[in-house]
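First up is the structure itself, then whatever we jot down about it.
The values are calculated or read from the model by the stated rules, or taken from the named source; none is laboratory data. The structure presented is a predicted model; accordingly, all values stated were derived computationally and were not measured. Glycine also receives a Cβ, built like all others from the backbone with ideal geometry; neighbour counts cover every protein chain displayed. Keep in mind that these areas ignore ligands, DNA and RNA; they rest on the heavy atoms of the full protein, side chains included. Shrake-Rupley method; radii C 1.70, N 1.55, O 1.52, S 1.80 Å.
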Amino acid sequence: MSDHKTAYITGGTKGIGFGIAKILLENGISVAFSGRKREDVMRAEEELKQYSENVLGIVSDVRSLESEQEAVKYTVEKFGRLDYIIANAGLGIFKPLDELTAEEWNDMIETNLTGVFYTLKASVEELKKTEGYYITISSLAGANFFENGTGYNASKFGVVGFTQAAMIDLRKYNIKSTVIMPGSVATHFNGNIPSEKDSWKIQPEDMGNLILDILKMNPRVLPSKIEFRATKPAK
């Protein structure tokens, strides 16, 4: 097995996942990333190749354990190892409780919460081999509840609790786990179209640089939970 590090990022076709992939590729880390739609995966893979050829786009749905198992298999077949997992895929639907449908609730829970479990479950044996790192992207909504956020809050609170408990389970294998809780990020989330109006927000590349800094830390330290905010308040 080579010493060249490899990351697998879920939800990597745009936004936070794409920004993380870009920074890791620029810093010599091979990247596999996934998305649900083939056309989005192919477009993102082509764009990311300008930073490094060591990139692999995979069509996978984090709501399916079998799909994530296939994604991990493809990653290891391509790069020979798997060192870092960034469980980033997520969605938000914001409605009053009495208007939120069961389908919308389930879609958020299955994607945002069950998805991080499936991604870890599919990859944990590979992480044991490399004494790797498991990182989840939650949200400040994982600690702060708000109106119209029942489903989203429930899923993101769950991601925080899941990752913290997984950290305790995994550290005996020298696998590290961190949950990152960003505030406002300049992405397409919730129908937003990033523009100059979002310049005050965290940028996707900022998320990538944060993860790069985490991965560079001395192995004896573990930042198990990180709240990550824009410096200035919302405009």
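Relative to the current alpha-carbon distance between Arg38 and Phe146, full extension at 0.36 nm per residue lengthens the span by 35.4 nm. When the residues Tyr74, Tyr8 are ordered by accessible surface, computed with a 1.4 Å probe over the protein chains alone, the sequence from largest down reads Tyr74, Tyr8.
Dipole magnitude for the stretch 9-51: computed about the Cα centre from +1 point charges on Lys and Arg Cβ and -1 point charges on Asp and Glu Cβ, it is near 140 debye.
Looking at the stretch 9-106, which trypsin sites (Lys or Arg not before Pro) are in a loop (DSSP not H, G, I, E or B) and have at most 13 other Cβ atoms within 10 Å?
Numbers: sites: Lys14, Lys22, Arg36, Lys37, Arg38, Arg43, Lys49, Arg63, Lys73, Lys78, Arg81; in loops: Lys14, Arg36, Lys37, Lys49, Arg63, Arg81.
Sparse-neighbourhood loop trypsin sites (Lys or Arg not before Pro): Lys37, Lys49.
For the chain, modelled as a GNM whose springs connect Cα atoms under 10 angstrom apart, the maximal fluctuation among Tyr173, Tyr133, Tyr84 occurs at Tyr173. For the chain, modelled as a GNM with alpha-carbon contacts under 10 angstrom, which of Ala44, Ala143, Ala32 fluctuates the most? So, out of Ala44, Ala143, Ala32, the one fluctuating most is Ala143. In the structure shown, do any of Lys5/Lys121; Lys14/Lys232; Lys49/Lys201; Lys49/Lys197; Lys176/Lys216; Lys22/Lys156 have a Cα-Cα gap over 18 Å, and if so which? The pairs that break the limit, which is 18 Å between Cα atoms, are Lys5/Lys121; Lys14/Lys232; Lys49/Lys201; Lys49/Lys197; Lys22/Lys156.
Within the full protein context, the accessible area of Trp105 is estimated at about 100 Å² for a probe radius of 1.4 Å. What separates the Cα centres of the stretch 151-189 and the stretch 71-145 is a distance of 9 Å.
Only protein heavy atoms count here; under a 1.4 Å probe, Val221 has an accessible surface of about 60 Å². Pairs of Cα atoms in the stretch 111-203 fall into 5 Å distance bins, from 0 up to the last occupied one, in shares of 3, 13, 20, 20, 17, 13, 9, 5, 1, 0 percent. Comparing Ser199, Ser138, Ser60 in a Gaussian network model of the chain, where Cα atoms under 10 Å apart are tied by springs, the biggest mean-square fluctuation is seen for Ser199.
Computed over protein heavy atoms with a 1.4 Å probe, the accessible surface of the chain works out to 48 Å² per residue.
Per DSSP helix of 4 or more residues, -39500 (n - 2.57); summed, then divided by the residues of the chain. What does that give at 222 nm, rounded to the nearest 500? Let's see the in-between values first.
Working: 7 runs with 95 residues, N = 235.
The helix-only estimate for the chain comes to -13000 deg cm²/dmol at 222 nm.
Ligands, DNA and RNA left out, the 1.4 Å accessible surface of the chain is 50% carbon and sulfur atoms.
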